[in-house]
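Report on the structure given below.
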Amino acid sequence: MWKDIYNFSERLLAHILRKEAVSEEVLGEFEQRLALLARKLENPETLRKRLQQQYSYDPVRAYQQLRFRRRRRQLRRYGVAAGIVLLLGIGGSLWLQQVAVDPLTISETIQAGRKKAILTLADGSVWNIGDSAMLISTAAENIRIDSLGLSLQHQNTMENCGDERFFHCLTVPRGGEFSMTLEDGTRVWLNAESEIHFPSQFAGKQRRVQLFGEAYFEVAKDSLHPFIVELGDSKIKVLGTSFNVRSYTDEQQIVTTLVEGSVSFENARERIVLQPGEQSILDGNGRIQKREVDVYPFVAWKEGLFIFRRQRLEDIMNMVSRWYNVDVRFEDEDSKNISLSGGMRRYDGFEALVEMIETMGRIKYEIKDNTIFIRGQK
C-alpha cells in the first residue's frame with residue numbers, strides 16, 4: 001500500500017508544480033488514500049514531533065505558508081500538496097515544496113537554463129541557435145530551427161553520409177537544453193552540458209549516433225536498422241523505444257533508464273537487456289548493475305521538473321550546477337551525503353531552490369559571484 005500511495009503522490013505533486021489542472025476525481029482519490037494511511041499511523045502529535053526531531057521540518061508550518069500565500073480558489077489543491085509533503089516525509093525523506101520566496105539579487109546573476117545550443121556542421125561552420133526560428137542550408141539538407149527544436153530536411157542523397165566526416169555535432173552548454181528530430185524521425189532531448197554527433201542521413205545497416213552527457217530518446221521503429229547510441233567504450237542498441245541515458249564524464253558512470261520497449265546495454269565485458277522500468281548502471285570499474293526503478297524521476301527533466309528521490313546532496317547539486325551554470329563547493333564531506341527527496345520546476349528561481357535545500361537538508365550556503373559554498377549546520 002505504501003509504495004502505491006508514494007508513487008501516486010509524486011505524480012500528483014508534479015501536476016501541481018507544473019500548474020496543470022487536477023480533476024476533482026483525482027483529488028478525491030488522493031484524499032481517500034491519505035485517510036486510509038492516516039488510520040494506520042499513530043496519533044498526529046507524536047508523528048509531528050518525530051518528523052521535527054528527525055528532519056527539523058514542520059509540515060503544519062508548510063501548510064500554513066501555502067495556505068496564506070495562495071488565492072482562496074487554490075486552497076484545496078495546495079492543501080493536497082501539503083498532504084504530499086507529509087506523506088513523503090513519513091516515507092523517509094522530505095519533499096521540497098514550492099513556497100513563496102522574496103526575490104533576491106542572485107536572481108539577476110544566476111538564472112535557470114533555457115533553450116540554446118551550438119551546431120557544428122560537418123563542413124566546420126558553427127551556428128549559435130536558440131528560440132529564434134531559422135533555416136540553415138547545406139549541400140545535403142536544410143536544417144530548420146523552430147519551436148520543436150532542430151530538424152533535417154534533405155535536398156539530395158549522400159552515399160557516404162554514414163562516415164564520421166559527415167557527422168554534425170549539436171552541443172548544449174551549461175545552463176541550456178535543446179531537442180531535435182533525426183533523419184529517421186527519432187526525437188532526442190538533450191540536457192545541459194551534453195553533446196550528440198549525428199549524420200545528415202543514416203547509411204548502412206545501423207543508425208548510429210554518439211552521445212556525451214544526458215539525453216532522452218524516442219527512437220523511431222525500424223526492425224531492419226537497429227539504432228545505436230555510442231557512449232565511449234559502451235553502447236546501447238534498440239529497435240524502437242523510449243529511454244534516458246546519463247553519461248557525464250565527471251560522474252564516472254553511465255545510467256540507462258528504460259521507459260518502454262527493449263534495449264541492450266553492452267561494453268567490452270558484458271551485455272544486458274533492459275525491460276520497461278529497469279535501469280542499468282555502469283560504474284567506473286566496468287561493472288554493470290541492473291535494478292528496477294520508478295522511471296519518472298529520471299526523465300522528469302524533459303518535462304521541466306527536478307524530481308529527486310532519496311538522492312545525495314552532491315548528486316543533486318551536480319544537476320543543479322549544470323542547469324543554472326553555477327559552481328558548487330562543499331566545505332565538508334558530511335554535507336555531500338545528506339539524502340533528500342524533492343520536486344521543483346526547473347525554470348523557478350535559483351534562490352528558491354537553495355533556500356529550500358538549506359531548510360530541508362539542514363545545511364548553510366553562501367553565494368559568492370557564481371559559486372555556491374555549502375556546509376553542514378553545527
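Every read-out reported here was derived from the displayed coordinates using simple, explicitly stated rules and does not represent laboratory data. Note that this is a predicted model, so its numbers are computed, not measured. Using ideal geometry, Cβ is built from the backbone for each residue, glycine included, and neighbour counts are taken over all protein chains shown.
Key figures
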{"read-out": "Assigned charges on the beta-carbon of Lys, Arg, Asp, Glu; segment 237-288 dipole about Cα centre (debye)", "value": "140 debye"}
{"read-out": "Size descriptor, Kirkwood hydrodynamic radius, that averages inverse alpha-carbon separations across segment 233-319, Å", "value": "13.5 Å"}
{"read-out": "Area projected by the alpha carbon convex hull of segment 114-297, averaged over all directions, nm²", "value": "10.3 nm²"}
{"read-out": "Beta bridges per DSSP with both ends in segment 304-376, % antiparallel, nearest 5", "value": "75 percent"}
{"read-out": "Amide hydrogen neighbours beyond the local backbone of ASN142, cut-off 5 Å, H modeled", "value": "GLN153, HIS154, GLN155"}
{"read-out": "Nearest-0.05 FRET efficiency for THR371 and ASP233, computed from C-beta distance (R0 45 Å)", "value": "0.85"}
{"read-out": "Qualifying trypsin sites (Lys or Arg not before Pro) in segment 210-239, DSSP loop, other Cβ atoms within 10 Å at most 16", "value": "LYS221"}
{"read-out": "Exposure proxy order (Cβ contacts within 10 Å, fewest to most) of HIS154, HIS168", "value": "HIS154, HIS168"}
{"read-out": "Gain on full stretching of the segment that runs from ASP294 to ARG144 - 0.36 nm per residue minus C-alpha separation", "value": "50.5 nm"}
{"read-out": "Packing rank of 303-316, 116-129, 249-262, 341-354, where each peptide gets the mean count of other beta carbons within 10 Å, highest leading", "value": "341-354, 303-316, 249-262, 116-129"}
